[in-house]
1. When the helix-only estimate is applied to the chain (DSSP H runs of n ≥ 4, each -39,500 (n - 2.57), divided by the residue count), what is the mean residue ellipticity at 222 nm, nearest 500 deg cm²/dmol?
2. Taking θ = phi - 60°, what integer Hz values does the Karplus form 6.51 cos²θ - 1.76 cosθ + 1.60 yield along segment 43-48, in sequence order, with x for Gly and Pro?
3. Measuring with a 1.4 Å probe in the full set of protein chains, what accessible area per residue, in whole Å², belongs to the chain?
4. Sticking to Cα atoms, compute the Rg of the chain to one decimal and its Dmax as the biggest Cα-Cα distance, whole number, in Å.
5. Please identify which residues in segment 29-43 have an amide N closer than 11 Å to a label point set 7 Å out from the Cα of Arg54, following the Cα→Cβ vector.
6. Report in % the part of the accessible area of the chain that belongs to carbon and sulfur, leaving out ligands and nucleic acids; probe 1.4 Å.
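The values are calculated or read from the model by the stated rules, or taken from the named source; none is laboratory data. Predicted, not measured: the structure shown is a model, and the values here were computed from it. Cβ coordinates were reconstructed from backbone atoms using ideal geometry, including for glycine residues, and neighbour counts include every protein chain displayed. Heavy atoms of the whole protein, side chains included, go into the accessibility calculation; ligands, DNA and RNA do not. Shrake-Rupley method; radii C 1.70, N 1.55, O 1.52, S 1.80 Å.
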Amino acid sequence: MARTILSVLGVILAVWLIFQVMGWIIATIKFFLVVGVLVFIVVLVVTLFSRLSRD
């Protein structure tokens, strides 16, 4: 009986851990995406200002 209960608890823990890791990975991807968009905007603004100041 104890073995069955521990097996069920182990499966529940494994499923919970999988969902936690997926959440961490998605959060990391979203963070890098936001940082990438911000860097793109900064590079675009600096490029535009440098071209306008040359003219």
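1. Details: 1 runs with 53 residues, N = 55.
Helices in the chain give a 222 nm mean residue ellipticity of -36000 deg cm²/dmol.
2. Rounded to whole hertz, the list is 5, 5, 5, 5, 5, 5.
3. Numbers: 5300 Å² over 55 residues.
Accessible area per residue, the chain: 96 Å².
4. Over the chain's Cα set, Rg and Dmax evaluate to 23.9, 82 Å.
5. No residue qualifies, since no backbone N sits under 11 Å from the label point.
6. Details: 4340 of 5300 Å².
Answer for the chain is 82 percent, counting heavy atoms of protein chains only.
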